[in-house]
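Here's the structure, in structure tokens; my notes come after.
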Amino acid sequence: MKSIAALQAAVTATPFDGEPSDAELDAIETESPLILAEVALLDAQIMTIDRIPTELDQQRIRRARRRVLAARRDLANRATTLTVSGGAA
């Protein structure tokens, strides 16, 4: 039987404190409008799981889908402008 004690130092060399880094927090903040729009879409879809959607339900779902698409577009445009403006001078 092999002992794994020798490998423990390599595995635990950098302690993980369980908190997200500043870069991860910035990424979450940047993506939060998209996350919120997707949650709203999911809520609208969940409300109609066990019944036939009314016209109001269909409007709510369409509106939520448009918000998701707009948030994705804005996020993609922001990434594009950061890439273009952050390029070599």
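The values are calculated or read from the model by the stated rules, or taken from the named source; none is laboratory data. Only a predicted model underlies this, so the values are computations on that prediction, with no experimental measurement involved. Please note: Cβ atoms are built from the backbone with ideal geometry, for glycine as well, and neighbour counts cover all protein chains shown. The protein model used for the area step is the full one, side chains on, heavy atoms only, and it has no ligands, DNA or RNA in it. Shrake-Rupley method; radii C 1.70, N 1.55, O 1.52, S 1.80 Å.
Six or more apart or on different chains, Cβ under 9 Å: which pairs go from a residue in the range 34-50 that's touching a residue at least 40 places away in the same chain (Cβ under 8 Å) to one that's open to solvent by less than 90 Å² (accessible area, probe 1.4 Å) and part of a helix (DSSP H, G or I)? Could you list them?
Filtered contacts from the range 34-50: L34/V68; L34/A71; L34/D74; L34/L75.
What number of residues within the range 34-49 are under 16 Å from the mean Cα position of the chain (by Cα) and hydrophobic (A, V, I, L, M, F, W, C)?
Qualifying residue count for the region: 8.
Going by the structure shown, is T48 modelled with pLDDT under 90 and not charged (D, E, K, R)?
Answer is no for this residue.
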